[in-house]
1. With +1 assigned to the C-beta of every Lys and Arg and -1 to the C-beta of every Asp and Glu, and no other charges, what is the dipole magnitude of the stretch 1-72 about the Cα centre in debye, to the nearest 20?
2. So what J values fall out for the stretch 96-106 if you push phi through Karplus, 6.51 cos²θ - 1.76 cosθ + 1.60 with θ = phi - 60°, rounded to Hz, Gly and Pro as x?
3. For the chain, what is the calculated [θ] at 222 nm in deg cm²/dmol (nearest 500), taking -39500 (n - 2.57) for each run of four or more DSSP H residues and dividing by its residue count?
4. Output the 0 to 90 degree angle, nearest 10, between the alpha-carbon long axis of helix 5-18 and the longest principal axis computed from the alpha carbons of the chain.
5. When Val56, Val71 are ordered from fewest to most other Cβ atoms inside 10 Å of their Cβ, what list results?
6. Run the count for the chain, please: Lys pairs, Cα-Cα under 14 angstrom, 8 or more apart or on different chains.
7. Quick one: longest stretch of the chain between exposed loop trypsin sites (Lys or Arg not before Pro), exposed meaning at most 13 other C-beta atoms within 10 Å and loop per DSSP?
8. Would you work out which of Asn73, Trp51, Met1 lies farthest towards the positive end of the dipole of the chain? Charges go on Cβ: Lys and Arg +1, Asp and Glu -1.
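Since every read-out is calculated from the coordinates, none of them should be taken as a lab result. Remember, predicted model here, so these are calculated numbers, not experimental data. No Cβ is skipped: glycine too gets one built from the backbone with ideal geometry, and neighbour counts run over all protein chains shown.
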Amino acid sequence: MKHTKEQAIDKTKKILKDFDIDYYFENTFKTISSDEDEYIRGQYDLINSWWVYVEVPNEQFDHLTGILGIVINDEDLEPTIFMDGSGGRIPDRKISKKDGKYQLGE
């Protein structure tokens, strides 16, 4: 991989900030590279990518946690897919950039 997992996590934090998401648990960031996991490669036909995810409060059940995940291309550290597992409201969505800020959708 061209970039480190730390760089992928830092990029994810910037993206979450652009999305106005600040309710994640700071010490729970984890990464999986497409090199490490066949499911990641097969699910989205990804190569040279990082899947960065972080635990968040579950929106439906106070005593549980959910996850938010972002797939980041390792070549340019640009995000491609956002996954919301915090309550099941938002399916996988594409990420775009407008006026220097990341946003969901086109």
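1. Working: 8 positive and 14 negative charges, 59 e Å.
My answer is approximately 280 debye.
2. 10, 10, 9, 6, x, 10, 6, 8, 7, x, 7
3. Details: 2 runs with 21 residues, N = 106.
Here the helix-only value at 222 nm equals -6000 deg cm²/dmol.
4. 50
5. Working: Val56 20, Val71 24.
Placing the least packed residue first, the sequence is Val56, Val71.
6. For the chain, qualifying lysine pairs total 11.
7. On the way: sites that count: Lys2, Arg89.
Between exposed loop sites, the widest span is 3-88.
8. Of the options given, the answer is Asn73.
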